[in-house]
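For reference, the structure is listed below as C-alpha cells.
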Amino acid sequence: MALKEKITRWYTTEREKLRPMSPLKRVQYIFTYYKSWMLGFLAAVVLAALLGEAALNRTRETVLQGFMINDSWMLFPAKVMEQEFGERMQLTGKQQLLFDDALYIDMGGNANEYTEASNARVLATVTTAELDVIISTEEVKQYYDGNLPMKDLAQILPPKAQQVLADQMIYTTDDKGETICTGIDMTASKFIAGIGADTDPAIKDVYVLFAPRNGPHEQALAEFICYCFDLPCE
C-alpha cells in the first residue's frame, strides 16, 4: 500500500472514531493516544529553533560574551543588558552580545548536576578564549581566583574611569606574584545602587565583576564596565 493511501486510511479511521465523541472526549483521546507524537514534534521544533539560533550566531560577530552567575535576585538581567549595551555600542545587524544569566554554582555542594553543567560551560568558553566577563558573588569569584588566571581590569580602563571606580576595585595577587585589579565591586553600579537594592536588607550577597585573562574583547569589556556605572569611557 502506498504511503498516501495509508495516510488517507488512517485519517478516515481516526475521524470516524472522533465523530461521536464530545469535544472533551476528543481532547482526552488525542492526548492519550498521540501524546508521544506531540512531544516528539515539540522536541523537533525546539531542536530546530536551537540549531537555527546557533547557525545565526555563527554568522554574527560577537562583540562581548558574559555570564551572570548566581544572580538569585535577578539584578543583572541578560536581555536588558544586551539591549541597553547594544544601543550604547550602536551594534549593527551583523554583531551580537551573548549574555546568559541562568548559570548557577552552589558552593555548598548542593545542586551538583546544575553546578557541574554551569562550571563546565564557564571552563569551556574560557578554554576557547570566548568568555569576556563574569558577574557573580564574592564567593564564586574567590573560587575562580584559584582556578582561572584573571585579567588586570585597571589596565583596560581609561584613567577617568579608574579614578571614579577606585573604591570599587578589588586587588589580589596573581600567579606571577603581582598585585592586580581582578574584580570590581558592583554594589555602586546602576544594577544595584541604581535601583536601591544596596539598601535592601534581604540582599546579603556582594556581587563582583571579573574577567578571564584570555578574554578577547578588552575594549568592549572596558566599555561594558563603564556602562554598568553610567560612566563615559574616554
| query | Hey, any idea what % of region 81-234's accessible area is carbon plus sulfur with a 1.4 Å probe? | reply | 47
| Using alpha carbon centroids, what distance separates region 144-205 and region 56-116, in Å? | 18
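Take the cross-link list Lys141/Lys204; Lys141/Lys176; Lys79/Lys190; Lys94/Lys190; Lys160/Lys204; Lys94/Lys151 and give me the ones stretching past 25 Å between alpha-carbons.
Details: Lys141/Lys204 16 Å; Lys141/Lys176 19 Å; Lys79/Lys190 15 Å; Lys94/Lys190 28 Å; Lys160/Lys204 30 Å; Lys94/Lys151 28 Å.
Flagged as over cut-off: Lys94/Lys190; Lys160/Lys204; Lys94/Lys151.
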| said: What is the sum of charges, Lys and Arg at +1 and Asp and Glu at -1, for the other residues whose Cβ falls under 9 Å from the Cβ of Gln65? | reply: -3
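Give me the 1.4 Å probe accessible area per residue for region 75-217, excluding ligands and nucleic acids, in Å². Don't jump to the answer; show the numbers that get you there.
Numbers: 7450 Å² over 143 residues.
Spelled out: the 1.4 Å probe surface of region 75-217, per residue, equals 52 Å².
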| field | Cα gyration tensor shape of region 87-202, rounded if a/c is under 1.5, else prolate or oblate by comparing a/b with b/c | value | rounded
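Based on the mean of other Cβ atoms within 10 Å per residue, sort peptides 60-66, 194-200 so the most packed one is first. All intermediate terms of the calculation are to be shown ahead of the outcome.
Details: 60-66: 19.1, 194-200: 11.7.
Those peptides, ordered most packed to least, come out 60-66, 194-200.
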| query | Could you give me the ³J(HN,Hα) list for region 183-195, computed from phi with Karplus coefficients 6.51, -1.76, 1.60 and θ = phi - 60°, whole Hz, x at Gly and Pro? | reply | x, 10, 5, 8, 4, 8, 6, 5, 8, 10, 4, x, 10
| What are the radius of gyration and Dmax of region 59-141, computed over its Cα atoms and given in Å? | 13.7, 42
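The values are calculated or read from the model by the stated rules, or taken from the named source; none is laboratory data. Owing to the predicted nature of the structure, the values given are computational and were not obtained by experimental measurement. Neighbour counts are summed over all protein chains in view; Cβ atoms, including those assigned to glycine, are modelled from backbone coordinates with ideal geometry. Surface areas here come from the heavy atoms of the whole protein model, side chains and all, with no ligands, DNA or RNA. Shrake-Rupley method; radii C 1.70, N 1.55, O 1.52, S 1.80 Å.
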